[in-house]
Amino acid sequence: MKKLYTLLAMLLTITATATFTACDWDDDSAVAYTLEGTWKGNMYVNTYYNGNTYYATATEITFLRDPYRYSSGDGYWVDYYSRAPWDYVANHIRWTVNRGRISVYFVEEGSELEIYDYHLNDNRFTGYIAEYDNDVEFSLYHVSSPNWSSYRWGYDAWYDSNYWSRQTRGTGDDSAATVMKPVRRIQKCDD
């Protein structure tokens with residue numbers, strides 16, 4: 001009889017573990033679904049470059065979900081500046097939601113930050129950013145969601161005479177490897 005209770009307890013433990021894991025995946029998937037789209041606001045980003053610190057006036061982040069991994073994807077993170085030697089700093093990002101925390105990896109910079117303790121709905125995205133030992137509060141609003149019906153589908157769109165592409169400054173310049181790059185930092189606002 002004692003073996004039966006032990007076996008039953010082990011079976012119950014395994015079932016509970018599988019159930020909790022499935023709930024984490026469902027929650028992460030729901031966060032990723034709500035996160036998909038473009039968000040604008042203030043992330044309190046500053047950039048250190050050539051001995052000077054420049055503060056971003058606005059940030060725009062686009063989260064695109066991976067259709068095969070429901071709680072991750074890629075996208076773009078653009079910080080806009082008004083009194084800097086550049087108008088913006090743009091990065092491709094890869095992001096993942098894991099157990100409620102959002103990790104964002106900046107491809108061009110090779111750096112990473114984490115978003116935690118956030119509140120997210122269809123209109124607002126607020127919370128905290130953790131980068132190294134620095135925690136900063138942010139506030140974004142939702143500006144758009146993917147609109148797949150606005151694309152021209154089919155092979156002839158490839159040969160369209162109105163083809164355009166977006167390039168950043170310095171694209172194709174071989175001397176870019178020797179030029180000092182701006183360094184992104186998250187900083188608390190001194191009020």
Restricting to region 5-43, what's the tally of residues that are under 26 Å from H142 (Cβ atoms), at pLDDT below 85 and not acidic (D, E)?
2
Return the only residue of V89, V104 being within 23 Å of Y68 (Cα to Cα), in contact with a Phe, Trp or Tyr (Cβ under 8 Å, 6 or more places away or on another chain) and not hydroxyl-bearing (S, T, Y).
V104
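The values are calculated or read from the model by the stated rules, or taken from the named source; none is laboratory data. None of the values given here were measured: they were computed from a predicted structure. Note that each Cβ is placed from the backbone with ideal geometry, even for glycine, and that neighbours are counted across all protein chains shown.
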